[in-house]
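What follows is one structure encoded as structure tokens, with my remarks underneath.
The values are calculated or read from the model by the stated rules, or taken from the named source; none is laboratory data. A quick note: this is a predicted structure, and the numbers were derived from the prediction, not measured. Here Cβ is always computed from backbone atoms with ideal geometry, including for glycine, and neighbour counts include all displayed protein chains. Side chains are part of the model used for accessible areas, which takes the heavy atoms of the whole protein and leaves out ligands, DNA and RNA. Shrake-Rupley method; radii C 1.70, N 1.55, O 1.52, S 1.80 Å.
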Amino acid sequence: MTQATSNPMNSGDPLAQLRDIHLPEPGGFWPPAPGWWIVAALILVLVGALVFWLWRRHQRNRWLRAARAELDQLGARAEASPTWFTELNALLKRCARQRYPEQRPHALSGAQWRDFLTHTQKKLDPQAVNALVEAAWSPSPAIDPQAAHSLAARWLGGQKC
């Protein structure tokens with residue numbers, strides 16, 4: 001009888017037979033759940049796509065950066081001579097050929113070249129563009145070299161790919 005009272009399983013109290021609740025150990029940081037692996041993979045793909053897009057855009061506009069540098073060099077030695085205006089028009093034609101190869105702008109001259117410049121950049125003054133185009137063969141140009149330089153810079157400013 002002494003054994004029956006010392007053994008909790010045999011006692012008359014049913015609550016004595018219950019055990020304490022044992023919770024499992026909380027999960028750690030590593031390894032992450034499969035959903036987090038998917039999120040991480042998607043973020044990596046998106047970052048890779050963004051970097052690739054920015055690199056391609058940078059490469060597509062490389063000609064524009066080179067043209068702006070050449071335009072700055074041309075502007076540093078600006079003079080009111082037909083030779084200088086011819087070089088400026090040649091630079092614009094090279095840029096137009098790079099940006100609009102299907103329209104063959106390098107073969108245009110005179111009024112067609114003027115119309116092309118005003119058509120591809122709507123913010124340009126048609127009279128100033130006409131003076132720029134005619135200055136290449138005029139002994140006394142009707143446009144100031146600095147004004148022609150700023151006109152060419154405005155035209156180049158709207159030519160991003």
Take the conditions open to solvent by 70 Å² or more (accessible area, probe 1.4 Å), within 24 Å of the chain's Cα centre (by Cα) and of a type in the set (A, V, I, L, M) and apply them to residue 92. Does it pass? no
Of all residues in segment 150-161, which are not aromatic (Phe, Trp, Tyr) and not in a loop (DSSP other than H, G, I, E, B)? 150, 151, 152, 153, 154, 156, 157
Among the candidates 159, 98, which residue alone is open to solvent by less than 30 Å² (accessible area, probe 1.4 Å) and among the polar types (S, T, N, Q)? 159
Being more than 37 Å from the chain's Cα centre (by Cα) and free of Cβ contacts under 8 Å to residues at least 60 places away in the same chain narrows it down to one residue among 110, 12, 48; which is it? 12
Give the residues of segment 38-70 that are surrounded by 11 or more Cβ atoms within 10 Å (Cβ to Cβ), closer than 25 Å to residue 153 by Cβ and of a type in the set (Gly, Ala, Ser), sorted by residue number. 66, 67
